[in-house]
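As structure tokens, the structure follows; a few thoughts come after it.
The values are calculated or read from the model by the stated rules, or taken from the named source; none is laboratory data. Everything numeric in this text was worked out from a predicted model, so none of it was measured. Note that we place each Cβ from the backbone using ideal geometry, even for glycine, and neighbour counts take in every protein chain shown. Accessible surface areas use protein heavy atoms only, side chains included; no ligands, DNA or RNA. Shrake-Rupley method; radii C 1.70, N 1.55, O 1.52, S 1.80 Å.
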Amino acid sequence: MLPTCLISDLKIYQPNDETKTLANELSCPELAAGVLEMLKGNEDINSLREWIRPNFTKQMESLILGEASKAAKNLWDSKSSFGNVLVYGDYDTDGISSTVLAMEIFRNKAAQVRYFIPRRDIHGYGLNAGILEKIASSGCNTLIVVDCGTNDSEMLEPLRNAGINIFVFDHHSVSAPITIPTIVNPCINMEAGENQKICATAVLWCWAWKENIISKDFLKYEIDLAAIATIADCMPLHNLNRSLVRYGMNLMRSNPRRGLGALFDCLGINKSQLTEEHLSMRVIPCLNAPGRIATADAGVRALLGAGSNEAVYSCVNDLMRINKKRQTLTENIAREIDDGIVTGKVKNKVLYHASWPVGVLSGVASRICAQYNRPIALAAPVGSKVIRGTLRVPEGGDAVGVLREVSDKLEAWGGHKYAAGFSVSIENWREVYKELERILADIEIKPENLTPVINISPSEITLSDWRAVSALGPFGNNNPSPKFYTVRNLSGTEINSMGKDGRHSYIKIKNSRLLAFNTSARDVSEMINNVKGWVYHPRLDYWRNEEQLQFILDCAVTEGGI
């Protein structure tokens with residue numbers, strides 16, 4: 001069924017003479033100028049020029065990695081070899097991407113490079129004290145920690161005192177004293193500006209670039225990892241992150257690393273036509289899945305792409321199989337919670353179930369939080385002594401701040417403003433449960449912002465117009481893909497079926513078509529009298545290698561209920 005929205009939910013922009021003036025000043029089509037007006041507000045002309053053509057060198061110069069960056073550089077320069085190197089990563093896409101990047105950088109100064117990624121259902125989030133003890137006694141000369149470790153100086157100090165070289169590249173919030181001088185994390189210098197908000201893979205990549213750790217030609221072929229991790233971690237697409245993603249996607253379109261190329265092939269993605277949506281909706285879920293279900297090793301192996309073609313494709317097939325299992329588990333739990341919310345049986349903000357697999361709870365929590373614009377914590381037991389949970393809060397909340405209020409009762413915790421995870425002992429769970437329920441009930445949720453749309457008929461948008469708009473991407477967090485609005489033709493609307501089984505349909509608007517996927521012509525016809533207009537977005541499509549423009553229907557706009 002086609003989604004609907006109220007006309008009062010939209011902020012409709014009408015291109016005018018000022019739009020034409022801006023287009024002339026920026027030397028771009030009026031549609032691109034209108035999108036900039038809508039998305040960037042009243043920014044000055046120089047800021048808009050910078051947005052259209054980000055200066056990568058300038059953005060890198062504005063990134064401040066602090067004294068730790070120099071300390072890590074000095075440690076790198078002081079050694080001709082780091083001996084036996086172990087990379088300790090995390091189990092999500094940023095974690096495995098930064099693990100692979102660290103391995104590929106440090107191979108240039110090591111006798112051997114191995115990696116360890118904890119299992120979320122056994123070791124929990126972040127550094128594990130038991131694993132660190134084994135590392136200290138295993139002949140490891142250098143430990144590189146990625147995508148965690150900022151708040152673990154106390155655990156790392158014994159290894160450093162034992163003569164093990166320590167590097168940490170992270171981006172999580174600081175909540176504990178930092179005594180290890182080589183913890184490179186831009187969050188330590190957050191007052192320096194928006195460019196500080198980058199993922200862990202980007203922290204490592206930018207450190208290596210800024211400090212001339214290794215040749216820039218080498219790093220140019222590693223930027224795909226930073227691009228994938230930036231999208232996966234939903235980092236804000238400010239100019240630096242946009243540049244990292246843009247260059248990384250260009251590399252993946254022209255010369256993807258072996259494992260990614262095989263994954264594109266198995267997913268039916270033409271590499272030359274790769275989009276942000278392909279990465280976020282299809283590629284990244286496959287890379288994420290192993291760490292959600294069991295061990296993240298398959299994701300690491302795929303990105304490393306070592307071995308024969310047969311071995312690489314076998315690894316990719318494992319990724320896809322595991323992702324299907326993750327999807328099934330996620331759907332079952334989400335449906336259970338969704339049904340409970342709809343029927344009124346689920347009113348609490350903190351939910352627990354002994355049978356839930358911990359690894360998929362973050363995806364479920366994100367979906368429920370977004371769908372109902374409400375905070376939610378999901379938790380399940382791991383073994384007989386520990387409960388692990390994930391917390392999501394909408395705009396107006398602070399997930400890390402929430403956990404900070406109960407941190408004295410937690411075994412471990414960490415995360416970002418809107419997403420965080422925690423571990424708690426069975427003995428403390430009831431008290432933590434009550435406290436979290438109380439805190440989440442008091443969170444002031446900001447009203448969802450109006451959806452900005454440009455009032456223009458699809459028949460007025462040309463292929464060249466949309467190419468110019470696409471150049472304002474990559475789109476994502478903090479740079480949303482633009483949407484458009486067109487009024488319904490009151491004199492009559494032509495609605496036709498599409499596809500062999502008629503499951504899809506399209507609406508004819510002059511010489512253009514709005515494609516309504518998963519909505520039959522009958523469904524559209526039944527609601528048409530209440531429809532005031534349509535929200536849609538353009539999409540580039542390729543048919544027999546010929547580029548063309550499609551218009552995808554997002555929702556029907558009404559003044560009241562359907």
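Helix 239-254 against the longest principal axis of the chain: what's the angle in degrees, Cα atoms only, rounded to the nearest 10? The two axes meet at around 80 degrees. Report the Cα centroid-to-centroid distance between segment 448-463 and segment 90-124 in angstrom, as an integer. Taking the Cα centre of each part, segment 448-463 and segment 90-124 sit 43 Å apart.
Residues Arg404, Arg326, ordered by accessible area of protein heavy atoms at a 1.4 angstrom probe radius and largest first, appear as Arg404, Arg326.
Here segment 44-116 was treated as a single set of alpha-carbon atoms; its pair distances binned every 10 Å from 0 give 17, 30, 30, 16, 7, 0 percent. Taking amide H positions as modeled 1.01 Å from N, with prolines and chain starts lacking one, the residues under 5 Å from Thr4 and 5 or more places away or on another chain are Ala556.
When the trypsin sites (Lys or Arg not before Pro) in segment 73-153 are filtered for DSSP coil states and for at most 15 other beta-carbon atoms within 10 Å of their beta-carbon, the remaining sites are Lys79.
Could you pull out the pairs from Lys345/Lys446; Lys446/Lys532; Lys349/Lys500; Lys73/Lys197 whose alpha carbons sit more than 32 Å apart here? Check vs 32 Å cut-off fails for Lys349/Lys500. Average accessible surface for the chain: 45 Å² per residue, computed with a 1.4 Å probe over protein heavy atoms with every protein chain in place. About the centre of its Cα atoms, segment 325-483 shows a dipole size close to 340 debye [charges on the beta carbon of Lys, Arg (+1) and Asp, Glu (-1) only; nearest 20 debye]. The share of Cα pairs per 5 Å bin across segment 79-140, counted from zero up to the longest distance, runs 4, 18, 25, 23, 19, 8, 2, 0 percent.
Projecting label points 7 angstrom from Cα along Cα→Cβ for Glu546 and Glu50 puts them 4.3 nm apart.
Say R0 is 22 Å: what FRET efficiency, to the nearest 0.05, do Arg404 and Asn373 get from their beta-carbon distance? Efficiency for this residue pair is about 0.45. Sites count as exposed loop sites when they are chymotrypsin sites (Phe, Trp or Tyr not before Pro), lie in a DSSP loop, and have at most 16 other Cβ atoms within 10 angstrom; the longest stretch of the chain without one is 222-516. In the chain, the DSSP-assigned H stretches of four residues or longer account for a calculated mean residue ellipticity at 222 nm of -12500 deg cm²/dmol, using -39500 (n - 2.57) per stretch and the full residue count as denominator. Overall shape of segment 1-156 was characterised from the C-alpha gyration tensor. The equivalent ellipsoid obtained from it has semi-axes of 48, 23, 13 Å, in decreasing order.
In plain terms, the chain from Thr451 to Arg522 could stretch by 22.8 nm, reckoned as 0.36 nm per residue minus the Cα-Cα distance. Against the chain, whose longest principal axis is taken from its Cα atoms, helix 200-210 shows a tilt of about 80°. Each pair of Cα atoms in segment 284-323 enters the Kirkwood radius, and Stokes-Einstein at 25 °C and 0.890 mPa s then converts it into a translational diffusion coefficient of 252 µm²/s.
The spacing between segment 220-291 and segment 478-504, judged by their C-alpha centroids, is 29 Å. Computed extension gain for Asn250 through Thr493, at 0.36 nm per residue and net of the alpha carbon distance, reaches 83.4 nm. Using +1 at the C-beta of Lys and Arg and -1 at the C-beta of Asp and Glu, which of Ala412, Ala399, Val300 has the Cα lying farthest in the positive direction of the dipole of segment 297-444? So the residue furthest toward the plus end is Val300. For the chain, the longest principal axis of the C-alpha atoms and the axis of helix 17-26 are separated by about 40°.
Measuring nothing but how far apart in sequence close Cα pairs (under 8 Å, 6+ apart) lie, relative to its length, the chain scores a relative contact order of 15 percent.
Straightening the chain between Lys510 and Glu194 buys 109.4 nm, computed as 0.36 nm per residue apart minus the Cα-Cα spacing. Within the chain, what whole-number % of the accessible surface is contributed by carbon and sulfur, with the 1.4 Å probe and all protein chains included in the calculation? Here carbon and sulfur together make up 47 percent of the probe-accessible area. In this view, the solvent-accessible surface of His537, computed with a 1.4 Å probe and all protein chains in place, comes to about 40 Å².
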